[in-house]
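Every number in this text was worked out from the coordinates using simple rules, so none of it is lab data. Computed from a predicted structure; not experimentally measured. No Cβ is skipped: glycine too gets one built from the backbone with ideal geometry, and neighbour counts run over all protein chains shown.
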Amino acid sequence: MTIKNKVRRVAEWVVLLGAIVVAGAVSGVIVMQIALSGERTEISVPSVEGDELVNALEKIAKAGLNLKVASVEYDDEKPRNTVLRQAPGAGTKMRSGRDVHVVVSKGPREFDMPDLRGLSARQASNLLQEKGISIAAVAKTHSDDDEDKVISQFPPAGMHVSDMGQVELLLSLGAEKNVQLMPDFTGLTQSQAKKEIQKAGFLQGKFDFGDRPGAQPNTIFLQSPLAGMPTTEGTSVDVTVAKADAVVGRPATFTLYRFTLPANAGQSAVRVVREGRDGLKQEIYNHQHKGGETASIMVEVDGPTVVRVYLNDKLTEQKQY
C-alpha cells in the first residue's frame, strides 16, 4: 500500500471516530433531558379520606402512587376498613411512585355490657364513663333494695355492645313507706305522747313548752303535723306542752289565715310558723300544694302574734295579729 493510501485510510478512521463521539454526546444529552423531564413530572394526590380501603387503593394506584397503611385505630363513626386520614393530604403535588400513608378505621370498640345491678347510681355512672357509655334515661321505683341502687338495666349485662353506646337504668327508691292520717296527740302527757308517736310509726320530734289558756298543765296542746293530715311513715312529730303555770280559764282565740300560692309555683311545700307573745315559735302547718291553690290555716291569736309563711323553705309572707 502506498503512503498516500495509508494517509487517506487514517483520515477516514479519524472522521468515523469523530462521528461516533458526536453521536454519543448527542445521545447522552437526549437521555439526560428525558430523565430531567421525568423528575419534573408531578402528580396531584387524590382524596381518599372516607373511602373504603379497596377504593382508596384503586385511586392511589391509578394516580401512579403507592398506598401504605400507617396504622389502624378504633372509630365510633367510621365503619371498619374506612380511611380516616391521609398524608400527604389531597391536592399535594408529588412525583410518581411515591407513598401515600393512610390511617384506617377498626370500627367501634366492642365489649360485653357490665353488670350494674346492686351498684349505687354514682358507681354505675363512673363505670359506664370509663367504658365510654352514656346514661340515656333513669327511672325510679320502690323496691326492697337500698335507695339509689341499680335494680335493672338495658342493655342487660353480657350483651355485646360498642363504646359511645347508651344504657337505661332503673333505680330503687327504697321500701315504699305507708301513708296514714296523723293521729291526735293533744291532751296526752309528754311521756304518753312519746309512746303513741312511736306506736303509730312516726319519729319523736321536738318537745317545746308554751302557754295555752284552758289547757291542762303538762299536756300537749299543739302538734305538727296536725291531726288528720296524710303523713308518711317515719315522719317526725313536733309537739308543744302546756306549762304548769298556764293561766286557766282564759278562752283561746283563733283566726283563719289564707295563703294563695303563685300560679307558676308548681308543686311546692307550704310551711307556716306561728310566734306568740312568749316568743315561742311553733310550726302549725306543713303541706304540699300546687301553684294557684289556697291553703287555709287556723291560727291561735294570744296577744301579739306573728305568722310566717315559707314556700319551699323560703320566707314568702309574714303577717302580724
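At 0.890 mPa s and 25 °C, plugging the Kirkwood radius over alpha-carbon pairs of the range 89-133 into Stokes-Einstein gives what diffusion coefficient in µm²/s? All intermediate terms of the calculation are to be shown ahead of the outcome.
Details: Rh = 15.0 Å.
Result for D is 164 µm²/s.
What does the highest-first list of 267-276, 299-308, 71-80 look like by mean Cβ count within 10 Å?
Result, highest mean first: 267-276, 299-308, 71-80.
Once the range 42-105 is represented by equal point scatterers at the alpha-carbon sites, with solvent omitted, what log10 I(q)/I(0) does the Debye formula produce at q = 0.22, 0.23, 0.30 Å⁻¹?
Rounded to two decimals, the profile gives -0.79, -0.85, -1.33.
Please arrange Ile133, Ile43, Ile151 by counting, for each residue, the other beta carbons lying within 10 Å of its beta carbon, fewest first.
Values: Ile133 21, Ile43 15, Ile151 18.
Starting with the residue having the fewest Cβ neighbours, the order is Ile43, Ile151, Ile133.
Sorted from fewest to most neighbouring beta carbons within 10 Å, what does the list Met182, Met229 look like?
Met229, Met182
³J(HN,Hα) across the range 188-200 via Karplus (A = 6.51, B = -1.76, C = 1.60, θ = phi - 60°), whole Hz, x for Gly/Pro?
8, 6, 4, 5, 5, 4, 4, 5, 5, 5, 5, 4, 7
Could you sort the peptides 193-201, 89-97 by per-residue average Cβ neighbour count (10 Å cutoff), highest mean leading?
Values: 193-201: 15.2, 89-97: 11.8.
Top to bottom by mean Cβ count within 10 Å: 193-201, 89-97.
Which links in Lys59/Lys93; Lys206/Lys243; Lys194/Lys243; Lys206/Lys290 stretch past 20 Å when you go from one Cα to the other?
In this structure, Lys206/Lys290 lie more than 20 Å apart at Cα.
Among the lysines, which have Cα under 30 Å from the Cα of Lys131 when same-chain residues fewer than 8 positions away are ignored?
Lys78, Lys106, Lys140, Lys149
Around Asn66, which amide H atoms from residues at least 5 apart in sequence, or from another chain, sit under 5 Å from its own amide H, with H modelled in the peptide plane?
Under 5 Å from the amide H of Asn66: Gly97, Arg98, Asp99, Val100.
Mind running the shape call on the range 108-266? Use the C-alpha gyration tensor, a ≥ b ≥ c as the square roots of the eigenvalues: rounded below 1.5 for a/c, prolate if a/b tops b/c, oblate otherwise.
prolate
Fewest first, what order do Leu188, Leu170 take by the number of other Cβ atoms within 10 Å?
Listed from fewest to most nearby Cβ atoms, that is Leu170, Leu188.
Taking every Cα atom in the range 201-318, find the radius of gyration and the maximum pairwise distance Dmax, and write them in Å.
Considering the range 201-318 through its Cα atoms, Rg and Dmax are 15.0, 47 Å.
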